[in-house]
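We did not get these values from a lab; they are worked out from the coordinates using the rules stated. None of the values given here were measured: they were computed from a predicted structure. Cβ coordinates were reconstructed from backbone atoms using ideal geometry, including for glycine residues, and neighbour counts include every protein chain displayed.
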Amino acid sequence: IDISTLRAQTGGLITLDRGFKNTGSCESAITFLNGEEGILRYRGYSIEDLAENASFLEVAYLLIFGELPSESELNKFYDDIKAESNVDEEMHKILDGFPKSAHPMGVVSSLTNALIAFNPSSVNVESKEDMYNAIIKLLAKFPVLCAWALRKRTGQPLDYGDDSLGYVENVLKMMFKKANQNYEVDPVIASALNKLLILHADHEQNCSTSTVRVVGSSHAGLFASISAGISALWGPLHGGANQAVIEMLEGIKEDGGDTKKYMQKAKDKEDPFRLMGFGHRVYKNFDPRARIIKKSADDVLGNLGVEDPILDIAKGLEKEALEDDYFVKRKLYPNVDFYSGIIYRALGIPTEMFTVMFALGRLPGWIAQWREMRLGKEPIGRPRQVYTGEKLRSYKPMDQR
Ligand code: ACO
């Protein structure tokens, strides 16, 4: 039965599901998620397996094309990316127009959209080959834009990467190499970042991914869809939580480290404060990514010899929340963002860049979802509503209002 027949038969009845809590928006073969049991798989591979064994670029290939690449497939994939890593010089002028204080998420989202002007062929993706070219361009240029956003903020001259390095190592070098100085990639840092990016790479129909699919469903093009996804990710209830977590933990530390006081605030319904990094729309048992990241935080800080009092506050909060009726009853557990910021800090990444790092990790997932949507010829995303406004009324002249 098609939807218009159903609507005619039911007198125009529609489903109302605020926040789409139980509405499937598409069929997808990319990411499997079981929130009750804390299972996350990309294309059938468990997140634990991939985080332990794979490189981020392999995972990107897996998500986008459906299978793990052979060695030659991976080499070709990376060679194609390296060949597209230049960003038009005119883009510098756009970057220059932003104040130094601009949030890097706004900068990266705008620059991603601006890329369309310099790569107009990326919009028309009628064939698989066009699609592949647009995807490669974005995977190549997006890390450059992320690095530029950081370098602008830290006052470093813009830089391109180093083709002899791996994708993740190159990201680090583009971000952190200082002018006229050598930069040796620390393998501990590269491996930690590789793992974080994998853990963030896809998460089925979350807010930013749904945004990418909906915008893409109007055939607006890959870069415009991803730019919209970046904006959706920015919010503190979504990817922006990693920045918000660190700001919250710093606030608690500066306020004397009284975690109980903040637990109380989080439970007070009159107080807008929420325990950032806690709770998830789908995970009602635990977030498997948070488990891996918590262990990784201990390893990375240990390996780098970093002592961060904020890690102790985080662990204290987690322990209290796990024993607290309010949190237990509502099934609120640490999510992926609760510990990721602590690792980013240890890696020397500034707080305002955390959500950009998330976007870098999520990029292959967004691309995979966009590609699936376009290849599946999905119709334009267009939900309905339940109208609660005024009934028909007549226009009132100004002097009668
Ligand atoms: N602190 C305190 N109470 C919370 C929290 C929290 N972090 N999260 C949810 N609750 C409470 C709500 O107040 C609500 O209580 P009530 O039933 O008494 O009204 C109940 O738990 C259910 O919460 P909802 O907001 O209805 O759950 P929803 O699924 O809509 O929201 C969300 C999920 C947005 C993640 C929420 O838990 C939250 O705001 N968490 C903090 C922000 C955060 O960490 N976001 C990152 C999510 S992961 C990601 O996007 C990568």
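Rg over Rh for the range 101-167 works out to 1.03, using Cα positions for both radii and the Kirkwood form for Rh.
Ordered by the count of other Cβ atoms within 10 Å of each Cβ, fewest first, Thr23, Thr5 give Thr5, Thr23.
Gap in Å between the Cα centre of the range 233-253 and the Cα centre of the range 315-339? A separation of 15 Å, based on Cα centres. The tail of the calculated P(r) for the range 354-401, taken as Cα-Cα distances beyond 14 Å, holds 75 percent of the pairs. On the principal axes of its alpha-carbon atoms, the range 279-372 has extents of 43, 36, 21 Å, going from largest to smallest.
If r is the Cβ-Cβ distance from Ile1 to Gln181 and R0 is 60 Å, what FRET efficiency results, to the nearest 0.05? Mind showing how you got there, number by number?
Details: r = 67 Å, r/R0 = 1.11.
That pair, Ile1 with Gln181, gives E of 0.35.
Applying the criteria of a DSSP loop state and at most 15 other Cβ atoms within 10 Å to the chymotrypsin sites (Phe, Trp or Tyr not before Pro) of the range 268-348 yields Phe273. Inter-label distance, Leu304 to Lys260: 3.3 nm, where each label sits 7 Å from its Cα along the C-beta direction.
With springs connecting C-alpha atoms under 10 Å apart, model the chain as a Gaussian network and identify which of Gly277, Gly166, Gly365 has the largest mean-square fluctuation. It is Gly166. Here the label points at Phe273 and Leu392, each 7 Å from Cα along the C-beta direction, are separated by 5.3 nm in the simple model.
Can you divide the C-alpha Rg of the chain by 2.2 N^0.38 Å and report the result to two decimal places?
On the way: Rg = 22.5 Å, N = 401, 2.2 N^0.38 = 21.5 Å.
Scaled against compact globular proteins, the figure is 1.05.
Ellipsoid fit via the Cα gyration tensor, the range 138-297: semi-axes of 31, 23, 16 Å, each the root of five times an eigenvalue, largest first.
What length, rounded to one decimal in nm, is gained on full extension from Arg382 through to Lys76, with 0.36 nm per residue of separation minus their alpha-carbon distance? Mind dumping the intermediate values first?
Values: separation 306, 0.36 × 306 = 110.16 nm, distance 3.81 nm.
This chain segment gains 106.4 nm when fully extended.
For the range 368-401, backbone nitrogen atoms closer than 18 Å to the point 7 Å from Thr10 Cα along Cα-to-C-beta are found at 382-388. Residues considered: Ile81, Ile293, Ile94. Largest GNM mean-square fluctuation over the chain, using C-alpha springs under 10 Å, is found at Ile94. The charge dipole of the chain, taken about its Cα centre with unit charges on the Cβ of Lys, Arg, Asp and Glu (plus for the first two, minus for the last two), comes to roughly 1660 debye.
Between Ser208, Val188, Ser121, the Cα set farthest toward the positive side of the dipole of the chain (charges on each charged residue's Cβ, about the Cα centre) is that of Ser208.
Among the GluC sites (Glu not before Pro) within the range 327-397, those in coil by DSSP and having at most 12 neighbouring Cβ atoms inside 10 Å are Glu390.
Taking Cα centre as origin and charging only the Cβ of basic (Lys, Arg, +1) and acidic (Asp, Glu, -1) residues, the dipole magnitude of the range 38-194 rounds to 780 debye. Compute log10 of I(q)/I(0) for the range 263-326 with the Debye formula, placing one identical point scatterer on every Cα and leaving out solvent, at q = 0.12 Å⁻¹, to two decimals. Calculated log10 I(q)/I(0) at the listed q: -0.39. GNM remark for the chain: springs join alpha carbons under 10 Å apart, and the peak mean-square fluctuation among Leu193, Leu115, Leu304 falls on Leu304.
Give a quick list of chymotrypsin sites (Phe, Trp or Tyr not before Pro) in the range 99-177 that DSSP marks as loop, anything other than H, G, I, E or B, with at most 15 other Cβ atoms within 10 Å.
Here the sparse-neighbourhood loop sites are Tyr160.
Based on Cβ point charges of +1 for Lys and Arg and -1 for Asp and Glu, what charge dipole magnitude is obtained for the range 206-320 about its Cα centre, in debye rounded to the nearest 20? Please list the in-between numbers first.
Working: 16 positive and 16 negative charges, 138 e Å.
Dipole about the Cα centre, nearest 20: 660 debye.
A Förster radius of 25 Å combined with the Cβ-Cβ distance from Leu165 to Glu52 puts the calculated FRET efficiency at roughly 0.65. Between Asn22 and Glu89, the C-beta separation translates, for a Förster distance of 45 Å, into a calculated FRET efficiency of about 0.40. Towards the positive end of the charge dipole of the range 298-348, with charges on Cβ (+1 Lys, Arg; -1 Asp, Glu), say which of Asn335, Leu347, Ile313 has the farthest Cα. Value: Asn335.
Backbone geometry of the range 16-32 corresponds, through the Karplus equation with coefficients 6.51, -1.76 and 1.60 at θ = phi - 60°, to 3J(HN,Hα) couplings of 10, 9, 4, x, 6, 5, 9, 10, x, 9, 6, 9, 8, 10, 8, 10, 9 Hz, x marking Gly and Pro.
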